[in-house]
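Here is the structure we will look at, set down as structure tokens.
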Amino acid sequence: MSLTSLSHHDVFKKKGLQPISRFRAVVYTVIANLPWLQHDDYVLAPVNLFDSICMKHLISAYELSEISVFQKLILFKPPEERTVFELETIEWMFAIGFKFFHLCPIEIKMALIRRATYKCYGPGRWILKQGHLSTNMYLIVKGHVVITEDVLNSVTKLMDNTELCKLKEKKSFGESAVMFNTCRTNSVQSLSTVELISISKNDFTDIIKDNLQLQWNANAIAIKNSSYFKHLSLMELNKCSTISFIKTFKENDYVLGKGLGDIDCAHFVLEGEISLIQCLKIKRIVNRYGNVRFKLKKNSEKLNKTKYTDIHVDTCTFLSDSCFNIGENMADKEFITTDIKETKCLCVPHWFMAETEKLKCWEFVKLDLNHIIPSKDQVFSKLYRS
């Protein structure tokens, strides 16, 4: 990257602009980007060292999962001039912010990052307005925004502006309207100086939508056929289908447990069978008369590895239209597919279930699962005390 590509010389050379207009354009550009320019150490760097400083900061930010000014500058470069390495250093940011991103193959991800742009808004600016047509979706790089909704007051018959929530760094907004080509249902206003990554509706349609449409349709069919989601509205169904995914497992495949697998998603079995394996820590005790008894380690007891042995017990089997990992107790539990050739699960993020009012019934389902699935004490009693 050369310093000339970041200068404002091109503004002065542009035909059709009067000198005073050129000067104003440069000043406005500097003011708009001042919040993220003023605190970086590259300002005093010699021109011939700029490339090495840029590469150093890109690698450092990539390793620390932090966004630097140099990564923001990537989004100012013309799309064809962005290198593969530069795209890879900001790929994690898209994956965290946009929920649909992990569904895309790598070549689609790179094409989308290549076309993304950077935008900056001052405090108190309206970024999206309720009722307007969708043109972009956004990912917050820095700053905070508030999401509001105009609601009709039944008494005054006037529209009241109601605050729904606040969003901070690494959160996204505006996806649903772009994905489904609908009008904005909420308004978004900046609370501070806000730096955003923007993806236009045209780029999304050209690059991603056709590639994801088949997956969304399959997700929507699975969700409609599930008894757990029958009360969702059309908008909630569309949103759920875009953020969820169907995962396929082979026989005797590891699904979930010990921090492995999609631990932040509830799992709904569509096809096949999944066994719940519970890990019991057992100690064999022989008294002075030669009698043998077994003791189950309690959670509050300190573990002595020389005395306890791990025993894995197949506790129960989850069949089609059952669910697990929706918030029930998951301690010392592992989920593994049975000998059936193929098992499919619909994975729905926990945050969607928590924020969707019509899915508050999950609290009752959690109670049922904790009640129906045998506890470690019950399994131990059946094995060693019967």
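The values are calculated or read from the model by the stated rules, or taken from the named source; none is laboratory data. Predicted, not measured: the structure shown is a model, and the values here were computed from it. With ideal geometry, Cβ positions are generated from the backbone for all residues, glycine too; neighbour counts draw on all protein chains shown. These accessible areas exclude ligands, DNA and RNA; they are computed on the full protein's heavy atoms, side chains included. Shrake-Rupley method; radii C 1.70, N 1.55, O 1.52, S 1.80 Å.
Residue count for the stretch 122-178, restricted to those that are assigned to a loop (DSSP other than H, G, I, E, B), open to solvent by less than 50 Å² (accessible area, probe 1.4 Å) and touching a residue at least 60 places away in the same chain (Cβ under 8 Å): 3.
When only residues in the stretch 248-275 that are charged (D, E, K, R) and in contact with a Leu (Cβ under 8 Å, 6 or more places away or on another chain) count, which is least open to solvent (accessible area, probe 1.4 Å)? Give the steps one after another, and end with the answer.
Step one: of the stretch 248-275, the residues charged (D, E, K, R) are 250-251, 253, 258, 262, 264, 271, 273.
Applying the additional criterion that residues be in contact with a Leu (Cβ under 8 Å, 6 or more places away or on another chain) yields 262, 273.
Values: Asp262: 43, Glu273: 58 Å².
Applying the filter and picking the extreme gives Asp262.
Does the stretch 162-176 include one or more residues that are touching a Cys at 6+ places or on another chain (Cβ under 7 Å) and of a type outside the set (Asp, Glu)? Step through it out loud before you land on a result.
Step one: of the stretch 162-176, the residues touching a Cys at 6+ places or on another chain (Cβ under 7 Å) are none.
No, every residue in the stretch 162-176 fails to be touching a Cys at 6+ places or on another chain (Cβ under 7 Å) and of a type outside the set (Asp, Glu).
Contact annotation: residue pairs with Cβ atoms under 7 Å, 6 or more positions apart or on different chains, pairing a residue in the stretch 277-304 that is at pLDDT below 75 and open to solvent by less than 100 Å² (accessible area, probe 1.4 Å) with a partner that is part of a loop (DSSP other than H, G, I, E, B) and of a type outside the set (Phe, Trp, Tyr), are Leu303/Lys297.
Does Lys224 satisfy the condition of being out of contact with any Asp or Glu (no Cβ under 7 Å at 6 or more places or on another chain), part of a helix (DSSP H, G or I), farther than 18 Å from Trp351 by Cβ and not hydroxyl-bearing (Ser, Thr, Tyr)? It is true that Lys224 is out of contact with any Asp or Glu (no Cβ under 7 Å at 6 or more places or on another chain), part of a helix (DSSP H, G or I), farther than 18 Å from Trp351 by Cβ and not hydroxyl-bearing (Ser, Thr, Tyr). For the stretch 180-195, a residue qualifies if it is over 10 Å from Tyr121 (Cβ atoms) and of a type in the set (S, T, N, Q), and the qualifying residues are Asn181, Thr182, Thr185, Asn186, Ser187.
Report whether or not Leu237 is outside any helix (DSSP H, G or I), open to solvent by less than 30 Å² (accessible area, probe 1.4 Å) and hydrophobic (A, V, I, L, M, F, W, C).
On the way: outside any helix (DSSP H, G or I): no; open to solvent by less than 30 Å² (accessible area, probe 1.4 Å): yes; hydrophobic (A, V, I, L, M, F, W, C): yes.
So Leu237 does not fit the description; no.
Being small (Gly, Ala, Ser) and modelled with pLDDT of 90 or more, is that true of even one residue in the stretch 161-183? Reasoning before the result, please.
Of all residues in the stretch 161-183, those small (Gly, Ala, Ser) come to 172, 174, 176-177.
Now narrow it down to the ones that are modelled with pLDDT of 90 or more: none.
No, the stretch 161-183 contains no residue that is small (Gly, Ala, Ser) and modelled with pLDDT of 90 or more.
From Ala95, Ala111, Ala116, which residue is open to solvent by 20 Å² or more (accessible area, probe 1.4 Å), at pLDDT 85 or above, within 22 Å of Met179 (Cβ to Cβ) and small (Gly, Ala, Ser)? Give the steps one after another, and end with the answer.
Working: Ala95 fails: at pLDDT 85 or above; Ala116 fails: open to solvent by 20 Å² or more (accessible area, probe 1.4 Å).
The match here is Ala111.
Does Lys201 meet the test of being open to solvent by 70 Å² or more (accessible area, probe 1.4 Å) and charged (D, E, K, R)? In short, no.
May I ask you to verify whether Gln189 is open to solvent by 50 Å² or more (accessible area, probe 1.4 Å), in contact (Cβ under 8 Å) with a residue 12 or more places away in the chain and not aliphatic (A, V, I, L, M)? It would help to see each step written out before you state the result.
Values: open to solvent by 50 Å² or more (accessible area, probe 1.4 Å): no; in contact (Cβ under 8 Å) with a residue 12 or more places away in the chain: yes; not aliphatic (A, V, I, L, M): yes.
So Gln189 does not fit the description; no.
For His102, all conditions in the list (1) modelled with pLDDT under 80; (2) within 17 Å of the chain's Cα centre (by Cα); (3) open to solvent by less than 70 Å² (accessible area, probe 1.4 Å); (4) not hydrophobic (A, V, I, L, M, F, W, C) hold save one; what is the number of the exception? Result: His102 fails condition (3) only. Would a scan of the stretch 351-372 turn up a residue that is assigned to a helix (DSSP H, G or I), touching a Leu at 6+ places or on another chain (Cβ under 9 Å) and open to solvent by 30 Å² or more (accessible area, probe 1.4 Å)? Yes, the stretch 351-372 contains at least one residue that is assigned to a helix (DSSP H, G or I), touching a Leu at 6+ places or on another chain (Cβ under 9 Å) and open to solvent by 30 Å² or more (accessible area, probe 1.4 Å). For the stretch 316-332, check the following and say yes or no: at least one residue is assigned to a loop (DSSP other than H, G, I, E, B), at pLDDT 90 or above and buried (at least 16 other Cβ atoms within 10 Å of the Cβ). Checking the stretch 316-332: not a single residue is assigned to a loop (DSSP other than H, G, I, E, B), at pLDDT 90 or above and buried (at least 16 other Cβ atoms within 10 Å of the Cβ).
Residues in the stretch 333-353 that are closer than 19 Å to Leu260 by Cα and among the charged types (D, E, K, R) were compared, and the one that is modelled with the highest pLDDT is Lys344.
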